[in-house]
Amino acid sequence: MALDLDTRNALIETVRRFVREKCVPIESKVSEDDRVPDSIIAEMRELGLFGLSIPQDYGGLGLTMEEEVLVCFELGQTSPAFRSVIGTNVGIGSQGVVMFGTEAQKAEWLPKLASGEIVASFALTEPGAGSDAASVRTAAIRDGDHYVVNGTKRFITNANRAGMFTLLARSDPSRKGAGGISAFIVPAKTPGITIGKPEKKMGQQGAHICDVIFENARVSENLRLGAEGEGFKVAMQVLDRGRLHISAVCVGVAERLIRECVTYAREREQFGSRIGDFQLIQAMLADSKTDAYAARCMVMDAAKTRDTGASVTMEAACTKYFASEMVGRVADRAVQIFGGAGYVADYGIERFYRDVRIFRIYEGTSQIQQLVIARNLLRAED
Ligand code: CAA
């Protein structure tokens, strides 16, 4: 059930203050250290941020999608590394359990995820299965009342902190493509799981991605999410939702960058005037504001549609495509408006420029979103 307006506004204000007072001042240190401090993570737990999307019956805040994106607009106003700490518990790591878990699975896992006691991670991507998600080769072969898992997952966000994985693996090797895939909850302490070293990345330092290697890891059939062979649909529905969450973060980052640009344009003087007086700078500000506003409207509309229970596969793809490309344009203009200052580290603009690049790639590249949009259009009944 939706929060009443006062409670909703209070939550948004609390997150806004947390971001501005606690996260923004340490953004560059988090990037340099490649680490979000434990004290910030503890505060995120206290604020309930790990459980934004988890139903209240299991200890979460149980936000609607509309409420969640409003919170993400605020969380996006700082380095995306902070959002990444809670991102997998709120989104792709937990939602398979929320949407497809049995009562016993929900009761066991969701309270721990909601409180932040453990971190969830989503293990779909493999060295040979990125955009072509249906080609996963990690095998989960039945052995009595267990499955034996072997294979390697790649670029798995928060794997090094994970207490559980939502794993997608091929339970029927005789079936190629989506049909042979099942989804599982896999406790991270299961014998036979090794976590690789965090990758060195272009941006979002402080957020970590690692390989996860499964060698004869035994997973109880009680931990399968949904029916055998239905795992691909679990993954796709989790991603439909995740794409809205990421889009809202893109809007938040864009709004932060626009604020920085406006402040700079008011202060910086060239040719005897503030650069904000020049129409070519004004045009860039106007383009960025228009872009961000359009994305905000799309995110809100798609989130409200999802809250009605309707499928938002196409809307989520449109929104992720537009919002992730939009924040790339806004970050590029921000570097341009800041000029040389935008290119050096001190101002933090170049850091955002690098940070936002991944939004066009993870949770489905822009090209995959285009494909999803076009397929849905062509399939639709008149
Ligand atoms: N909801 C429900 N069911 C869906 C669905 C959806 N959104 N999308 C597809 N399906 C179903 C289809 O209806 C079909 O079912 P039937 O066989 O019963 O008809 C089945 O799933 C297979 O669908 P497709 O034929 O469309 O599958 P495909 O192989 O052609 O590929 C794709 C579809 C859209 C390209 C998909 O592979 C995809 O989204 N790829 C991108 C993967 C992705 O986003 N990866 C990100 C990983 S997570 C991450 O990045 C975060 C991190 O931690 C770094």
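In table form, for the structure just shown:
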read-out: Total formal charge among the other residues, if their Cβ is under 15 angstrom from that of SER174, Lys/Arg +1 and Asp/Glu -1; value: +3
read-out: Neighbourhood net charge (10 Å Cβ-Cβ; Lys/Arg +1, Asp/Glu -1) for ALA317; value: +1
read-out: Interchain or long-range residues, amide H under 5 Å from LEU52's placed H; value: LEU61
read-out: Relative contact order (%) - criterion: Cα under 8 Å, at least six apart; region: the chain; value: 16 percent
read-out: Proximal aspartates and glutamates relative to LYS304, as straight alpha-carbon distance under 15 Å, when same-chain residues fewer than 8 apart are discounted; value: GLU66, GLU67, GLU68, ASP240, GLU315
read-out: Rounded percent of accessible protein surface that carbon and sulfur make up, the chain, 1.4 Å probe; value: 52 percent
read-out: DSSP bridge pairs, the chain: antiparallel proportion in percent, nearest 5; value: 85 percent
read-out: Cβ charges +1 (Lys, Arg) and -1 (Asp, Glu), total dipole of region 233-381, debye; value: 340 debye
read-out: Cα convex hull volume per residue for region 95-159 (Å³); value: 117 Å³
read-out: Beta bridges per DSSP with both ends in region 91-184, % antiparallel, nearest 5; value: 60 percent
read-out: Per residue solvent-accessible surface (Å²) - the chain, probe of 1.4 Å; value: 45 Å²
read-out: Contact order relative to length of region 233-381, as percent, for alpha carbon pairs under 8 angstrom and 6 or more apart; value: 30 percent
read-out: Hits among lysines - C-alpha to C-alpha of LYS176 under 22 Å, sequence gap 8 or more where chains match; value: LYS153, LYS233
read-out: Reduced Cα scattering model of the chain, Debye log10 I(q)/I(0), q = 0.06, 0.07, 0.09 Å⁻¹; value: -0.23, -0.31, -0.51
read-out: Residue-count net charge about VAL90 - beta-carbon cut-off 11 Å; Lys, Arg +1, Asp, Glu -1; value: +1
read-out: For region 181-222 and region 48-88, distance of Cα centres in Å; value: 22 Å
read-out: For THR305, solvent-accessible area (1.4 Å; no DNA, RNA or ligand), Å²; value: 40 Å²
read-out: Highest-MSF residue in the chain out of GLY93, GLY339, GLY51 [GNM, Cα springs under 10 Å]; value: GLY339
read-out: Residue list for region 245-263, given a label point 7 angstrom along the Cα-to-Cβ vector of TYR343 and an amide N cut-off under 15 Å; value: none
read-out: Nearest-ten-degree value, helix 366-379 long axis tilted from longest Cα axis of the chain; value: 70 degrees
read-out: Two-site FRET efficiency, MET202 against LEU5, from Cβ-Cβ distance with R₀ of 35 Å, rounded to 0.05; value: 0.30
read-out: Whole-Å distance, taken between Cα centres, linking region 245-290 and region 310-324; value: 26 Å
read-out: Max mean-square fluctuation residue, GNM over the chain, Cα-Cα springs under 10 Å, options PHE73, PHE359, PHE18; value: PHE18
read-out: Gaussian network model of the chain, springs between alpha carbon atoms under 10 Å - residue of ALA162, ALA317, ALA294 with greatest fluctuation; value: ALA294
read-out: Region 330-359 versus region 96-127: alpha-carbon centroid distance in Å; value: 35 Å
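The values are calculated or read from the model by the stated rules, or taken from the named source; none is laboratory data. Predicted, not measured: the structure shown is a model, and the values here were computed from it. With ideal geometry, Cβ positions are generated from the backbone for all residues, glycine too; neighbour counts draw on all protein chains shown. In case anyone asks, the SASA skips ligands and DNA or RNA and just uses the protein heavy atoms, side chains included. Shrake-Rupley method; radii C 1.70, N 1.55, O 1.52, S 1.80 Å.
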